[in-house]
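Peer 1: Mind looking over this structure? Questions follow.
The values are calculated or read from the model by the stated rules, or taken from the named source; none is laboratory data. As the structure is a prediction and not an experimental result, all values here were calculated from the model. Quick reminder, even Gly has a Cβ in these numbers, built from the backbone with ideal geometry, and neighbours come from all protein chains shown.
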Amino acid sequence: MMANDPTVSLLICDDHKVLTDALSMVVGLDPALSLVAAPVHTPEEGVALAHEQLPDVVLMDIMFKGSEMTGIEATRRIKMGSPSTKVVIMTAHDDDRLMVEAVEAGASGFLSKDLPADEILSATKAAAEGEVLIDPVTLTRLLAQVAREREEQRDAMALLGDLTDRELQILQLLAQGKRNDDIATELYISPQTVQTHVRNILGKLRVHSKLEAVAFAVKHGVIQVT
C-alpha cells in the first residue's frame, strides 16, 4: 500500500476454490481492496506471485492437498523475498504447534475460515496497517510454548552432546533397526562392548530403552531414521 494509494493490494492463496471465489467477489465490491492477480491454489504459485507483485497482504492457507510445501514454508519464503508483505494464515485448524511455526515464519496473524468474508477482509486491512491478528491470550500461550520448547531443545542438546562419537555411531545403527550382535559384527567389537555402549547411551540420555534413545535423538535432529 503506497503512501498516495489507500488501496490495499491483496493476494489470496488457498486450495479451497469455493472460499477463494467468495473472497474474490467481496474484494471486487470493496474499493479499499484490490487483487494483484486471480486467487492461486498452490503455495508455489503464491510464493512466485508474491515475489513478482509484492502485495501488501497475502491470505495464505496452512495446508495444501497434493503439495509438499505448507503455507508455513510459503510464508517464510514470501517474507524472504518481500519483507514488507504481511502474511495472514487462514486455517480451520486450532493447533498451537502450527501457530508457533507460522509466527516464527513471519506470519502477522491467523484468521478462521469460519469467519464471514467481510470480517476476513476487514482483518486484511488491519494487517496491512501493521496490526497483529492474534489475541493477547493466544499470543501469551504461544510465546510460553516457544520458550518451553527452546529450553527443552537446549537441555536435550546438552545431553546428546555428552555422547561420544562411538556412541553416536551405535545410536545411528540402532535407528537402522540393527541388533547388538549385528552392530558388533559391523564395528568389529564384541557384543559385550556394544551392550556397554548402549547402557552408557541410556544413562547419558536419561531414558530406559533403546527405542526411547533413538526417538529422543531423532526428535532433536542428531540422527536420522533410514
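Peer 1: Given the condition within 18 Å of the chain's Cα centre (by Cα), under 21 Å from residue 55 (Cα atoms) and either among the acidic types (Asp, Glu) or not assigned by TED's automatic domain parsing to the domain that holds residue 52 (or both), answer yes or no: does some residue in region 110-129 qualify?
Peer 2: Within region 110-129, none of the residues are within 18 Å of the chain's Cα centre (by Cα), under 21 Å from residue 55 (Cα atoms) and either among the acidic types (Asp, Glu) or not assigned by TED's automatic domain parsing to the domain that holds residue 52 (or both).
Peer 1: I've got another one for you. From the list 164, 124, pick out the single residue that is of a type in the set (Ser, Thr, Tyr), out of contact with any Cys (no Cβ under 6 Å at 6 or more places or on another chain) and under 30 Å from residue 84 (Cα atoms).
Peer 2: 124
Peer 1: Working carefully through the options 103, 87, find the one that is among the β-branched types (Val, Ile, Thr), part of a helix (DSSP H, G or I) and within 25 Å of residue 147 (Cα to Cα).
Peer 2: Criteria check complete, one pass: 103.
Peer 1: Might you let me know whether region 147-155 holds any residue that is surrounded by fewer than 12 Cβ atoms within 10 Å (Cβ to Cβ), of a type in the set (Gly, Ala, Ser) and over 30 Å from residue 102 (Cβ atoms)?
Peer 2: No, every residue in region 147-155 fails to be surrounded by fewer than 12 Cβ atoms within 10 Å (Cβ to Cβ), of a type in the set (Gly, Ala, Ser) and over 30 Å from residue 102 (Cβ atoms).
Peer 1: Select from region 93-108 the residues that are of a type in the set (A, V, I, L, M, F, W, C) and out of contact with any Ser or Thr (no Cβ under 7 Å at 6 or more places or on another chain) and write down the one among them that is surrounded by the most Cβ atoms within 10 Å (Cβ to Cβ).
Peer 2: The residue in question is 99.
Peer 1: Sticking with this structure for a sec: If a residue must be closer than 12 Å to residue 15 by Cβ and either assigned to a loop (DSSP other than H, G, I, E, B) or not assigned by TED's automatic domain parsing to the domain that holds residue 110 (or both), how many such residues does region 40-74 contain?
Peer 2: Selection size over region 40-74: 10.
Peer 1: Continuing with the same structure: Which of the residues that make up region 178-201 are closer than 20 Å to residue 225 by Cβ, crowded, with 16+ Cβ neighbours inside 10 Å and not charged (D, E, K, R)?
Peer 2: The answer is 180, 183, 194, 197, 198, 201.
Peer 1: Which one of these is small (Gly, Ala, Ser) and within 23 Å of residue 116 (Cβ to Cβ): 84, 67, 9?
Peer 2: 9
Peer 1: Additional query: For region 75-82, state whether one or more residues are out of contact with any Asp or Glu (no Cβ under 8 Å at 6 or more places or on another chain), buried (at least 22 other Cβ atoms within 10 Å of the Cβ), touching a residue at least 24 places away in the same chain (Cβ under 8 Å) and not in a loop (DSSP other than H, G, I, E, B).
Peer 2: Checked against the condition, which is being out of contact with any Asp or Glu (no Cβ under 8 Å at 6 or more places or on another chain), buried (at least 22 other Cβ atoms within 10 Å of the Cβ), touching a residue at least 24 places away in the same chain (Cβ under 8 Å) and not in a loop (DSSP other than H, G, I, E, B), region 75-82 yields at least one hit.
Peer 1: Return yes or no: is residue 147 in contact (Cβ under 8 Å) with a residue 24 or more places away in the chain and part of a helix (DSSP H, G or I)?
Peer 2: The answer is no for residue 147.
Peer 1: Now, a different point. Starting from region 118-129, keep only residues that are touching a residue at least 24 places away in the same chain (Cβ under 8 Å), then list their pairs with residues that are outside any helix (DSSP H, G or I) and acidic (Asp, Glu) whose Cβ atoms are within a distance under 7 Å, requiring at least 6 positions of separation or different chains.
Peer 2: If the second residue must be outside any helix (DSSP H, G or I) and acidic (Asp, Glu), the pairs left are 121/30; 128/56.
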